[in-house]
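The block underneath contains the structure these notes are about, expressed in C-alpha cells.
Throughout, read-outs are computed from the coordinates displayed, never taken from laboratory work. Given the structure is predicted, the values throughout are model-derived calculations rather than measurements. Every residue, glycine as well, gets a Cβ built from its backbone with ideal geometry; the counts of neighbours run over all protein chains shown.
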Amino acid sequence: MTKAKKIAILTTVFWSYDGISRAVELQVKALADEGHGHDVTIFTLAANMNAPVGASLVIMGMPANSLMQRIYRLFFPLDLIKAVKYVPKLKGFDIIYSHQYPLNWLAYLAKRKYGIRYIYYNHGISYGDRFSSLAEKTYMKAITAAANWTIKRADDGISISKYMQGELKKQTGLDSEVVYHKIDANRFHKGLDGLAIRQKYNLGDAPILLFVGRVSPHKGVHLLIEAFNLVKQEMPTARLLIVGKHTFGSYSKKLKAISDSSAIFTGDVADEELPLYYAACDVYTTATLWEGFDLPVAEAQACGKPVVAFDIGPHKEIIDTQGILVASGDIKAMAKGIIEKLKKSAPADICGVSE
C-alpha cells in the first residue's frame, strides 16, 4: 500500500450531467478508497452532487446565469478575491489534479507559491470551428488560448485518449500519460431492464435510438436529427431520445424546427436513471464533431448496445467491433449504419434485457 497523500482535485463544475464531472467522481472514488486511502478534496465553482465517500467538497461559487458563467470562466484570473481566498487553502496538499480551465489558474498559482505538484488532466477543449456563430467561435478560441497558457505550466499531464495525448503535445508541448476513463460497472452493464423508460415516453416496441450529451453545436445534434429523418423513411416507427442539458438557446430552437414528435428531447435526467436509458435503446447514436474520449459511447457499450458514430478523434480507440464508424458529416452513411444495426436487433433486446 502506497503512503497516503493529500490530493486536491480541481474541476470547474461538479454536476451529474457533465461528462468531466463523472470522470472526476470516478477518479476521486479510486483515490479515496480503502486500497489507497488518500485524503481527497474537490474544489469546484458549482455542484449538484455530493463528494464521494471519504472525500470533501469545497464549492467556491460563480454566477447563476449561463451567459455570465461563460464570461466569468474566461476572465476568471481577474477574480482576485477567489485567488486570495482559495489559493492558501491549497497549501499543504501534495498533488493538485486540475481537470479544466479556469481552475488551472489556481493550480498554477499554488504551484508557484507553495511548490505543489500540478498535474493537468486533459479532457480537451472543442475546436472553435465546430461552432456556428462568430461569437461562439471567438469565445472558444479565447478559452483555448487562456487554457493553454496555464497547461504549459503544469508539471505533468494525463490524457484521456491517445488522440488527446497527441493534441496536447501539439498544442502545448506537454507530455502526458494516457489513462482511459473507467466505466462504473456497478451502474452500466448488460442485463438492465429499460421497460420503465419505454413506458415513460409511451414508446411501446418502437426501435429506439439514443444520444446522451450536452445539446451543443459541436455535438452535431442537428446532423443526428437529419440522419434520423432518413432512418424514418425506411423505419417510420423509430424514435430518437436526446438526453442532455440545453446550453445554447438558439441552437435548441433550430433543432426543434427540424424535428417532429418522434425526436424526444428529455433534458437532464436523474443520474440514477441514466443506465436505464441505455438499456431501453436498441442503438446508441452520436454525430458529435469533437470528443476527447466520449464517455456515453463507452457506457452504452458496457450496457451491450451497438454504436453508430462519426469517425472522429478518439472513436477508433473507443468504439468496439459491434459498432459502425462513418465519415464525419456523412449523414446518409450514418442513417444506413443505424438501419443496419436496428435490423439486427433481436426481439429479446427490445427492452434492453439480454438473454
| said: Around THR285, under 11 Å between beta carbons, what's the net of Lys plus Arg minus Asp minus Glu among the other residues? | reply: +1
| query | Computed FRET efficiency, Cβ-Cβ of LYS3 and PHE75, R0 30 Å: what is it to the nearest 0.05? | reply | 0.15
| query | How large is ³J(HN,Hα) for each residue in segment 269-276, as worked out from phi by the Karplus curve 6.51 cos²θ - 1.76 cosθ + 1.60 (θ = phi - 60°), to whole Hz, x for Gly and Pro? | reply | 10, 4, 4, 5, 8, 3, x, 6
| request: Could you pull out every one of the aspartates and glutamates with an alpha carbon less than 15 Å from that of LYS169, ignoring same-chain neighbours closer than 8 positions? | output: ASP155, ASP156, GLU177
| query | What distance in nm separates the simple spin-label points at GLN233 and SER16, each placed 7 Å from Cα in the Cβ direction? | reply | 4.0 nm
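Rounded to the nearest whole Å³, what is the per residue volume of the convex hull around the Cα atoms of segment 44-132? Working shown, then result.
Numbers: hull volume 11.5 nm³, N = 89.
For segment 44-132, the hull spanned by Cα atoms encloses 130 Å³ per residue.
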| Of the lysine pairs in segment 89-164, how many meet both conditions: Cα atoms under 22 Å apart, and a spacing of 8 or more in sequence or different chains? | 9
| How large is ³J(HN,Hα) for each residue in segment 48-59, as worked out from phi by the Karplus curve 6.51 cos²θ - 1.76 cosθ + 1.60 (θ = phi - 60°), to whole Hz, x for Gly and Pro? | 10, 10, 8, 5, x, 4, x, 10, 10, 10, 10, 9
| query | In terms of modelled amide H atoms, which long-range or inter-chain residues lie less than 5 Å from the amide H of VAL178? | reply | SER159
| remark: Phi angles of segment 330-344, converted by Karplus (6.51 cos²θ - 1.76 cosθ + 1.60, θ = phi - 60°) into ³J(HN,Hα) in whole Hz with x for Gly and Pro, give 8, 6, 5, 5, 5, 4, 4, x, 5, 4, 4, 6, 5, 5, 8
| message | Counting pairwise Cα distances across segment 171-234, what percent come out greater than 18 angstrom? | response | 66 percent
| request: Specify whether the C-alpha gyration tensor of segment 201-313 places it in the rounded, prolate or oblate class, a ≥ b ≥ c being the square roots of the eigenvalues: rounded for a/c under 1.5, otherwise prolate if a/b is larger than b/c and oblate if not. | output: rounded
| In whole Å, how far is the Cα centre of segment 227-268 from that of segment 272-349? | 16 Å
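Where Rh is the Kirkwood radius over the Cα pairs of the chain, the temperature 25 °C and the viscosity 0.890 mPa s, what D in µm²/s does Stokes-Einstein return?
Details: Rh = 21.2 Å.
Reported coefficient: 116 µm²/s.
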| If R0 is 56 Å, what FRET efficiency do you get for LYS113 and THR321 from their C-beta distance, rounded to 0.05? | 0.65
| Assuming R0 = 30 Å, what is the FRET efficiency of LYS200 and VAL178, from their Cβ-Cβ distance, to the nearest 0.05? | 0.20
| Two-site label geometry, SER252 and ASP155: point separation in nm, points 7 Å out along Cα→Cβ | 4.2 nm
| said: Which one, ILE59, VAL84, PRO102, projects farthest toward the positive side of the charge dipole computed for segment 55-131 from Cβ point charges (K/R +1, D/E -1)? | reply: VAL84
| request: Name the lysines eligible as straight-distance cross-link partners of LYS253: C-alpha to C-alpha under 17 Å, and not fewer than 8 places from it in the same chain. | output: LYS219, LYS245
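By how many nm would the segment from LEU67 to ASP33 lengthen if fully extended, with 0.36 nm per residue of separation less the alpha-carbon distance? All intermediate terms of the calculation are to be shown ahead of the outcome.
On the way: separation 34, 0.36 × 34 = 12.24 nm, distance 3.75 nm.
Value of the extension gain: 8.5 nm.
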| request: For n ≥ 4 DSSP H runs only, could you compute -39500 (n - 2.57) per run for the chain, divide by its residues and tell me the 222 nm figure to the nearest 500? | output: -11000 deg cm²/dmol
| the chain - charge dipole about Cα centre, Lys and Arg +1 at Cβ, Asp and Glu -1, debye rounded to 20 | 1260 debye
